[in-house]
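Remarks on the structure that follows.
The values are calculated or read from the model by the stated rules, or taken from the named source; none is laboratory data. Just so it is clear, the structure is predicted and the values come from calculations on it, not from any experiment. Glycine also receives a Cβ, built like all others from the backbone with ideal geometry; neighbour counts cover every protein chain displayed. Each accessible area value is taken on the protein alone, full model and side chains, heavy atoms only, with ligands, DNA and RNA left out. Shrake-Rupley method; radii C 1.70, N 1.55, O 1.52, S 1.80 Å.
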Amino acid sequence: MKPIVLLTPAIALLQLSAAKETIHERSWDEAYGMAQSLVANMTINDKVAIVSGVGFGLGHCIGNTRKTSGIFPQLCLQDGPVGVRDAKSTSVFPAGITTAATWDRDLIQTRGADLGYEFRHKGVHVALGPSIDILRAPQAGRNWEGFGEDPYLNGEATTATVRGIQSQGVIATAKHFTGYNQETNRNTYSTEVDDRTLHEVYLWPYARAIEAGLGAVMCSYNNINGTHACQDEHTLNTTLKGEMGFRGWVMSDWFATHSTADGVNAGQDMDMPGRSGHFGSSLKRAVKKGKVTPERLTDMVERIVATYYKLGQEKDYPAVSLGDADVDVQENHKKDIRAIGAAATVLLSNKDDILPIVPGKIKQVAVIGEDAGGAIFGPNACILHSCNSGTLAVGGGSGSATFPYLVTPADAIQARAKNASIDVKVADSNIFSASKAEGADIAFVFVNAFAQESFDRSSLDLDKNGNKLIENVAKKNNNTVVVIHSGGPVNMPWIDNPSIKAVLWAGYPGQETGNSIADVLFGDVNPSGRLPFTIAKHETDYCAKVTSDSKIPYTEKLNVGYRWFEALNIKPLFPFGYGLSYTDFKYSHLEVTSKNKQVQASVRVENTGEVDGAEIVQVYLSFPDAAHEPPKVLRGFEKVTIKAGKSTSVQFKLGKTELSIWEPKARDWKIVSGMYKLHIGASSADIRLSVEFEL
Ligand code: NOJ
């Protein structure tokens, strides 16, 4: 029997900041028309200036295009995926991995629009995000920046983010193109990947973002099949610009340009930050010597200028105000940050319905762990958050941003408990603090795993002896609840300990982390977050691990993430797409029709519990054997909020995109004829209903 508590998840989730006005985005054709007229009047010096960077480390933007004769402005390019880097009075949003865990396109787009607003009003033309690298090896240092292991979920999150950012007239940059899935030796290793895997896994999110009007792409540090990513003809010219029809521009990652004509002729359009020595006067010389055609230089410039016009940046664009400039752009974004953090929290276990906290029944709680409290030297003490101190709400490196403030879990729980007359004992240091757990009705233990750019994790164990801390707390209190802040999967050797009643994965939630988790623990928000990655029983179970080899063969091919576990029949600890709620959902009446290579499905979902809640209804597809696909792949999802005792019907449409496979020989997407199976699941491993259909 569930405890009867008053939950108002729909209301809590609706407490967002006011919707933003959106700019009128021009069509590519119209934008190109305008660009061509302008570029026709440019000298070669102007053109070279627009594609070359200048000023890195000079206290301006992280990337800047050079000054022209005055015909086109200098563009400001700035990190990153969670907020405006190196700025004051800006917000720190939930990380990409956290955002993906909401499986909520509207919330993801809201975050994008908020980000776009902040970039715009800080005068940034080009936001260097989202990061959309697939989570392949769980130890990879930048997994927290991206949207997880599945291309479809990643594609939906990328599209919503790009739409949001660009709705504010800011150019979004999808990065890092491509096959960039670890930090170790990132400038030298070669990703050895076949064309089908590239298309169906690593390029899929780019394809979706291009459909949404994506403005810029950043080519990556690594090599692809032996060629520097920024000069790889196959992925840049043939695939991205050719087959995928990308009309924006390709910039290098910072210092990832290795040549002039080779890169430019393979499809690189801009060098950042401009100290490579390969663009600027070298590019001008290459054009004069005929190594780069004037037409190609014009194309590079037109791509940049057209994107600028597409987003209407020629009109009233705010001046740059980074660094210490005190232009406050935060609006009411903290509401959205809090709501996304709460909606992303994944309830992994909840024995005896220990959560949510029921005031009256619960009189005293203990809050334990350094991860619950503040950092010793303040939330922004380490440059780009390159250290783990206090509660972990963002990862480290260029993808980080400066906290305007940080609400810690300990503070938020104390504030909330006070209103509910619950006593809180806080012990925010090391393993010895477990003693505070004694006697409390619930002992919350906060643990984390830090991840940052330039370094991969050496293991998936929690930091700072987190496993030991959990065990110590569980020894003192048989109502232990574990909260994990990490950027991806972690090892959970204590998971079967009967004293551990609940486990929550909260990702890196940004500046409102404490309020977000308190919303879930106290039941103001009924958890609906679902894992955007698989958590294995053993670290050796995953499809890939970080390596120091110079060549990294992607031998798992399409079987990334949960697909690997299913193909090899390995039981995960918590499967992709998994997460509990404070209520239960029942699925029925799955109907599938297929006509003219279009498939429609509808299913009834009923909230059979006693509290309102939101379910993430997931569609997986099994292809005919002849397609040689993984056992099943995600091809749809919807988040539906359903009142207690009510039900709703959820519809899905699968078209050519969802039903096709990439055929490298034909160089095209093809629908394979045969019998398919459409599955409706509450996770990748919890399939409730399946129906076969023929194509
Ligand atoms: C390198 C990172 O890989 C990239 O993501 C970032 O945008 C640039 N540095 C600029 O800081």
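Residue check, Gly579 against (1) more than 25 Å from Asn154 (Cα to Cα); (2) crowded, with 19+ Cβ neighbours inside 10 Å, all met but one. Which one?
Every listed condition holds for Gly579 apart from (1).
Out of the residues in the stretch 163-173 that are under 18 Å from the mean Cα position of the chain (by Cα) and more than 11 Å from the ligand (Cβ to nearest atom), which is surrounded by the fewest Cβ atoms within 10 Å (Cβ to Cβ)?
My answer is Arg163.
Answer yes or no as to whether Leu573 is over 19 Å from Ala137 (Cβ atoms) and at pLDDT 95 or above.
Numbers: over 19 Å from Ala137 (Cβ atoms): no; at pLDDT 95 or above: yes.
It is false that Leu573 is over 19 Å from Ala137 (Cβ atoms) and at pLDDT 95 or above.
Among (1) within 30 Å of Pro575 (Cβ to Cβ); (2) more than 15 Å from the ligand (Cβ to nearest atom), where does Asn181 come up short?
(2)
If I ask for residues that are open to solvent by less than 40 Å² (accessible area, probe 1.4 Å), more than 26 Å from the chain's Cα centre (by Cα) and either within 15 Å of the ligand (Cβ to nearest atom) or not assigned by the TED database to the domain that holds Gln74 (or both), which ones from the stretch 235-280 would you list?
Listed by number, the residues that qualify are Gly274, Ser276.
Under 8 Å between Cβ atoms, at least 6 apart or on separate chains: pull out the pairs that start in the stretch 447-461 with a residue that is under 12 Å from Val394 (Cβ atoms) and in contact (Cβ under 8 Å) with a residue 60 or more places away in the chain and end on any residue that is part of a strand (DSSP E or B) and more than 14 Å from the ligand (Cβ to nearest atom).
Taking only residues 6 or more apart or on different chains, the pairs are Asn448/Ile484; Asn448/His485; Asn448/Ser486; Ala451/Ser486.
Return yes when Gly112 is out of contact with any Lys or Arg (no Cβ under 8 Å at 6 or more places or on another chain) and more than 16 Å from the ligand (Cβ to nearest atom) and no when it is not.
Considered against the rule, which asks whether it is out of contact with any Lys or Arg (no Cβ under 8 Å at 6 or more places or on another chain) and more than 16 Å from the ligand (Cβ to nearest atom), Gly112 comes out as no.
Per-residue answers, yes or no, for (1) more than 16 Å from the ligand (Cβ to nearest atom); (2) of a type outside the set (Lys, Arg); (3) crowded, with 24+ Cβ neighbours inside 10 Å:
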residue: Asn45; (1), (2), (3): yes, yes, no
residue: Phe56; (1), (2), (3): no, yes, no
residue: Gly70; (1), (2), (3): yes, yes, no
residue: Ile97; (1), (2), (3): no, yes, yes
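Out of the stretch 115-157, which residues are open to solvent by less than 10 Å² (accessible area, probe 1.4 Å), within 15 Å of the ligand (Cβ to nearest atom) and assigned to a helix (DSSP H, G or I)?
Leu115, Phe119, Trp144, Glu145
Looking at Val546, Val560 in this structure, which one is within 30 Å of Thr227 (Cα to Cα) and open to solvent by 10 Å² or more (accessible area, probe 1.4 Å)?
Values: Val560 fails: open to solvent by 10 Å² or more (accessible area, probe 1.4 Å).
Unique residue meeting the criteria: Val546.
How about the stretch 281-333: which of its residues are closer than 30 Å to Asn237 by Cα and open to solvent by 70 Å² or more (accessible area, probe 1.4 Å)?
Taking the stretch 281-333 and keeping what is closer than 30 Å to Asn237 by Cα, we get 281-314.
Result: Ser281, Arg285, Lys288, Lys289, Lys291, Pro294, Glu295, Glu314.
Just checking, which of Ala229, Ala209, Ala216 is of a type in the set (Gly, Ala, Ser), modelled with pLDDT of 95 or more and in contact with a helix residue (DSSP H, G or I) (Cβ under 6 Å, 6 or more places away or on another chain)?
Details: Ala229 fails: in contact with a helix residue (DSSP H, G or I) (Cβ under 6 Å, 6 or more places away or on another chain); Ala216 fails: in contact with a helix residue (DSSP H, G or I) (Cβ under 6 Å, 6 or more places away or on another chain).
Answer to the selection: Ala209.
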